[in-house]
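**Q** There's a structure below that I have some questions on.
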Amino acid sequence: MKTAVQPGTSPPLTQRKAKSGRTIFFFVLPALLVYSVFILYPIFSTFYYSLHEWNGVQPQRTFIGLDNYVTLLKDATFWQALQNNSLLVLVSVFVQIPLGLIMALVLFSPVIGKRLLNVIYFLPYLMSTVAIGLLWIFMYDPINGPINQLLQIVGIDAIPWLADANVAMIAILVVVIWQFSPFYMILFKAAMVGIPNELYEAASIDGANGRQQFFYITLPALVPTIVSSSVLAVVGSLKAFDIFYIMTGGGPGGATEILGTYMYKQGFIQFSMGYASTVAAAMFIIAFICVAIIQFVEYQRKKRGILS
């Protein structure tokens, strides 16, 4: 038998919780639908298509099980692309992130022209990737490019930066560093704003110099940002595509082939959508493992109280 709620009294706690839960659900439902349609469904579809032989055009698909994965493990081009992606990950984590931190520190130091430096630092990230790719193709031009003209002035022969398999990958990595380091600068700059000035004032009173303040105040406070930046760098490097496709298309001779360009060629040039889905599934698995490792290391750091 239900107990009637007397006028002027609040409903029971269980009813309030149920009503609150329904309200939260209806507010979350639109975002959940969008996430399911545009994130979860494509992920599951990718793994589903990877188990089939399909050209991506005709509706007929042939189930082949794990044959695509077996072929992938024997594919030399896939391993070359994965090696290039691994190099991109290392450059992103150990060059872009430290460079972004250095630029943020410069903007927080007492230097003249901070606003101008802020604009100069952030300008590459504001440009579209297509514009950056075309700009650096001109910069690397073996005949009219400014870089080779400077080399010839000092007596060095022109280098075919994007046509030489030995230097093409390095040339594109320089562009990637130039383009994305400002992004990490903004992350570190935002994190450094939240560090109380009282900590630096107290450290100065105790006689701590700039280096000691950085290692004992700034760096520990930036560890969460460094972890987040590392996750973004790893995921972004594994799904890179546009700048490589624009500048070299994966050439010369596959020297700059990465997983993104290889997946595109398999799906939209070779019309092997099943195998392209297998490459995409491998990208997802690798990214998931890398992020899980980073999160596990961060959990162990917090558990042991290192730099916190």
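The values are calculated or read from the model by the stated rules, or taken from the named source; none is laboratory data. What you are looking at is a predicted structure, and each value in this text was computed from that prediction instead of being measured. Positions of Cβ are backbone-derived with ideal geometry, glycine not excepted, and every protein chain shown enters the neighbour counts.
**Q** Can you tell me which residue among PHE38, PHE78 is outside the structural domain of LEU222 (by TED's automatic domain parsing), in a helix (DSSP H, G or I) and closer than 26 Å to THR261 by Cβ? Break it down stepwise before answering.
**A** On the way: PHE78 fails: outside the structural domain of LEU222 (by TED's automatic domain parsing).
Just one listed residue meets the conditions, PHE38.
**Q** Sticking with this structure for a sec: I need the full set of residues from region 193-208 which are of a type in the set (Gly, Ala, Ser) and either exposed (fewer than 10 other Cβ atoms within 10 Å of the Cβ) or not in a helix (DSSP H, G or I) (or both), in order please. Before the answer, list the steps.
**A** Pass one, region 193-208, residues of a type in the set (Gly, Ala, Ser): 194, 202-204, 207-208.
Within region 193-208, GLY194, GLY207, ALA208 qualify.
**Q** Is region 60-67 home to any residue that is of a type in the set (Phe, Trp, Tyr) and either in the same structural domain as ILE258 (by TED's automatic domain parsing) or assigned to a helix (DSSP H, G or I) (or both)? Let's see the steps before the verdict.
**A** Within region 60-67, the first condition is being of a type in the set (Phe, Trp, Tyr), and the residues that meet it are 63.
If we keep only those that are either in the same structural domain as ILE258 (by TED's automatic domain parsing) or assigned to a helix (DSSP H, G or I) (or both) too, we end up with none.
No, because not a single residue in region 60-67 is of a type in the set (Phe, Trp, Tyr) and either in the same structural domain as ILE258 (by TED's automatic domain parsing) or assigned to a helix (DSSP H, G or I) (or both).
**Q** Would you mind stating whether TYR275 is at pLDDT 95 or above, crowded, with 18+ Cβ neighbours inside 10 Å and within 30 Å of ASP67 (Cβ to Cβ)?
**A** Yes.
**Q** Identify, from the list SER128, SER181, SER109, the residue that is under 25 Å from LEU232 (Cα atoms), in the same structural domain as GLY251 (by TED's automatic domain parsing), without any contact (Cβ under 8 Å) to a residue 40 or more places away in the chain and not aliphatic (A, V, I, L, M).
**A** Result: SER128 is the single residue among SER128, SER181, SER109 that is under 25 Å from LEU232 (Cα atoms), in the same structural domain as GLY251 (by TED's automatic domain parsing), without any contact (Cβ under 8 Å) to a residue 40 or more places away in the chain and not aliphatic (A, V, I, L, M).
**Q** May I ask you to say which residue of GLY260, GLY236, GLY251 is of a type outside the set (Lys, Arg), under 25 Å from VAL95 (Cα atoms) and assigned to a loop (DSSP other than H, G, I, E, B)?
**A** Within the list GLY260, GLY236, GLY251, the selection yields GLY251.
**Q** Considering only region 154-162, I want to know if a residue exists there that is assigned by TED's automatic domain parsing to the domain that holds GLY210 and in contact (Cβ under 8 Å) with a residue 40 or more places away in the chain.
**A** There is at least one residue in region 154-162 that is assigned by TED's automatic domain parsing to the domain that holds GLY210 and in contact (Cβ under 8 Å) with a residue 40 or more places away in the chain.
**Q** In the set LEU173, LEU150, which member is assigned by TED's automatic domain parsing to the domain that holds LEU219 and closer than 17 Å to TYR245 by Cβ?
**A** LEU173
**Q** Something else about it: Which count do you get for residues in region 243-288 that are more than 24 Å from ALA165 (Cβ to Cβ), touching a helix residue (DSSP H, G or I) at 6+ places or on another chain (Cβ under 9 Å) and aromatic (Phe, Trp, Tyr)?
**A** 3
**Q** If you don't mind, another one. Of the conditions (1) of a type in the set (A, V, I, L, M); (2) within 26 Å of GLY253 (Cα to Cα); (3) under 18 Å from the mean Cα position of the chain (by Cα), ALA171 fails just one. Which one is it?
**A** (3)
**Q** Filter region 84-112 down to the residues that are among the polar types (S, T, N, Q), assigned to a helix (DSSP H, G or I) and more than 13 Å from the chain's Cα centre (by Cα) and list them by number.
**A** Hit for region 84-112 is ASN84, nothing else.
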